[in-house]
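Peer 1: Could you have a look at this structure, given as structure tokens, before my questions?
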Amino acid sequence: MKYGDIIKNIKVNKFEKIYTFYGKERYLIDELIKKFKKSLNSTFVDFNFSTIDGNQTSLDEIISSLETIPFMDDRKVVVIKNFELLTNKKKNFTQQDEDEICEYIKNTPDHAILIFAIYSDIDKRKKFTKELGKYGTVLNCNKLDNNELLKWAQKRFKKENVDIDNSTLNYFLNNIDYQNKNSDKTLSDVENEIMKITSFVGQGKKASISDVDELSSKKTENDIFKLIDFIGNKNASEAIKIFNDMIVKGESPLMILSMISRQFKIIMQSKLLNGKGDTEHVIAKSLGIHPYVIKKALIQSKKFDNTSIIRLQNELLEADYSIKSGLKKDILALEIIISKFCM
């Protein structure tokens, strides 16, 4: 069964007793869980929807949650996240527990929907994993294919009341580089880019290729390259100017902080591997990063010694903590770091 089939079945109240959703596309898994939750009577959803931490729970707690009769509804939904019996971990459950739950899922109560949500791969060799495939639906929530991604993106633009034609949408998706096997982009990243464009264009308007170019992730990445170049050249005024331009275009200060930190990590890794004799191509393949990014990293590595990179990374980590803790204002914190390392 595919992702779309499950959503269609939810809409017509057609349910199976057990679902297992796994994979690196957390967005898809969480969206499915939201659909199941929405299918319940909204007035009594707090009584009939529960989430259990699979790393902290016990077999008794799981069974108790499933056996409890729903309140003022036909069914209840129990979600178990990151259940260790589906991964390589085995800390809280014995072999006897695994045998017992394998037996239990053969006859789960008719009033309950049991959902296992694993935000990684699962161990398909395990007896429990195989039993879930026999008595329910197991769905791999990894990256969408071309057609699925196109339909999903069309719906997101439509939801934000922004028109976009197919050629512009395809151009946008190609720029995102979501489907590159070496790309670490997720649907959350794609959605963030869509929200940037729809906010920039405005409701009821049409997005153009020039809008995509103005706000594309590649342009953002190039801005980060330029920002780091200016830091390396000790040019504080230009570095601050690029940073402020990115803020004006809707980039989150925390996202910019994260991208700067990521690029300096790549610079350090590239520098070390290149010092061992690895070429750009070998480094790119080893790190799973586009060769162009490695090329830029190696050029930039000549402007920073290892001590400076480590100090800057520590400053970025401290700023990230301070911003998230409310101790510092995000924009000011980054401006201080940029100015400091341009001195």
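None of the figures in this text is laboratory data; all of them are computed from the coordinates on show. Computed from a predicted model, the values in this text were never measured in an experiment. So basically every Cβ, Gly included, is an ideal-geometry build from the backbone, and we count neighbours across all protein chains shown.
Peer 1: Compute, for the chain, the length of the dipole vector about the Cα centre, with Cβ point charges of +1 (Lys, Arg) and -1 (Asp, Glu) only. Units Debye, rounded to 20.
Peer 2: 700 debye
Peer 1: Exceeding 24 Å between C-alpha atoms, which entries from my cross-link table qualify? They are Lys159/Lys205; Lys143/Lys295; Lys17/Lys130; Lys302/Lys329; Lys265/Lys295; Lys2/Lys35.
Peer 2: Table pairs above 24 Å Cα-Cα are Lys143/Lys295; Lys302/Lys329.
Peer 1: Multiplying the sequence separation of Thr279 and Asn222 by 0.36 nm and subtracting their Cα-Cα distance, what value in nm do you get?
Peer 2: Separation in residues times 0.36 nm, less the Cα-Cα distance, equals 18.3 nm.
Peer 1: Here's something else I'd like to know. Could you state the number of Å between the C-alpha centres of the stretch 26-47 and the stretch 48-84?
Peer 2: 13 Å
Peer 1: Mind checking the full-extension length gain between Leu317 and Asn146? Use 0.36 nm per residue of separation minus the Cα-Cα distance, one decimal, nm.
Peer 2: Here the answer is 57.9 nm.
Peer 1: Would you please classify the overall shape of the stretch 25-154 from the alpha carbon gyration tensor, given that a ≥ b ≥ c denote the square roots of the eigenvalues, rounded means a/c under 1.5, and beyond that prolate means a/b larger than b/c while oblate covers the rest?
Peer 2: In terms of gyration-tensor shape, oblate.
Peer 1: Based on C-alpha coordinates, I'd like the Rg and Dmax of the stretch 217-341, in Å.
Peer 2: 14.4, 44
Peer 1: Something else: If contacts are Cα pairs under 8 angstrom and at least 6 residues apart, what is the relative contact order of the stretch 241-307 in percent?
Peer 2: About 32 percent, as a whole number.
Peer 1: Here is a further query. Straight-line reach from Lys185: which aspartates and glutamates have Cα under 14 Å away, leaving out those fewer than 8 places along the same chain?
Peer 2: Glu25, Asp145, Asp177, Glu193, Glu221
Peer 1: Just subtract the alpha-carbon distance of Thr51 and Glu214 from 0.36 nm times their residue separation and send over the number in nm, one decimal.
Peer 2: Between Thr51 and Glu214, full extension yields 54.6 nm more.
Peer 1: While we're on this one: Grab the beta carbon distance between Leu272 and Val248, set R0 = 51 Å, and tell me the FRET efficiency rounded to 0.05.
Peer 2: E between Leu272 and Val248, to the nearest 0.05, is 0.90.
Peer 1: Pop a pseudo-label 7 angstrom from the Cα along the beta-carbon direction at both Asp121 and Lys302 and give the gap in nm to one decimal.
Peer 2: In this crude spin-label approximation the distance works out to 4.0 nm.
Peer 1: Pairs of alpha-carbon atoms within less than 8 angstrom and 6+ residues apart define the contacts here; what relative contact order does the stretch 217-341 have, in percent?
Peer 2: It comes to 31 percent, rounded to a whole number.
Peer 1: Sort out for me the Cα centre separation of the stretch 191-208 from the stretch 224-238, rounded to whole Å.
Peer 2: When both Cα centres are located, 29 Å separates them.
Peer 1: I've got another one for you. Give the distance, in whole Å, between the Cα centre of the stretch 261-294 and the Cα centre of the stretch 101-149.
Peer 2: Using only Cα atoms to place each centre, the spacing works out to 37 Å.
Peer 1: P(r) for the stretch 146-215, please, calculated from all Cα pair distances in 5 Å bins and given in %.
Peer 2: 3, 18, 32, 28, 13, 4, 1, 0
Peer 1: Then there is this: Quick one: Karplus J couplings for the stretch 31-41, per residue in order, coefficients 6.51, -1.76, 1.60, θ = phi - 60°, nearest Hz, x for Gly and Pro?
Peer 2: With coefficients 6.51, -1.76 and 1.60, one gets 5, 5, 4, 4, 5, 5, 5, 5, 6, 7, 4 Hz.
Peer 1: Among Ile197, Ile29, Ile69, which one shows the highest mean-square fluctuation when the chain is modelled as a Gaussian network with alpha-carbon springs under 10 Å?
Peer 2: Ile69
Peer 1: Using a 10 angstrom cutoff on alpha carbons, build the Gaussian network for the chain and name the most mobile of Thr279, Thr20, Thr198.
Peer 2: Looking only at Thr279, Thr20, Thr198, the biggest GNM fluctuation is shown by Thr279.
Peer 1: Further question on the same structure: Using 7 Å Cα-to-Cβ label points, what is the Lys205/Val12 separation (nm, one decimal)?
Peer 2: With each label placed 7 Å out from Cα toward Cβ, I get 4.1 nm.
Peer 1: I'd like the projected area of the chain, averaged over all directions, using the convex hull of its alpha carbons. Report it in nm² with one decimal.
Peer 2: Average projection, Cα convex hull of the chain: 21.1 nm².
Peer 1: Run the numbers on the chain and let me know its relative contact order in percent, using alpha-carbon pairs under 8 Å that are six or more apart.
Peer 2: Relative contact order for the chain comes out at 15 percent.
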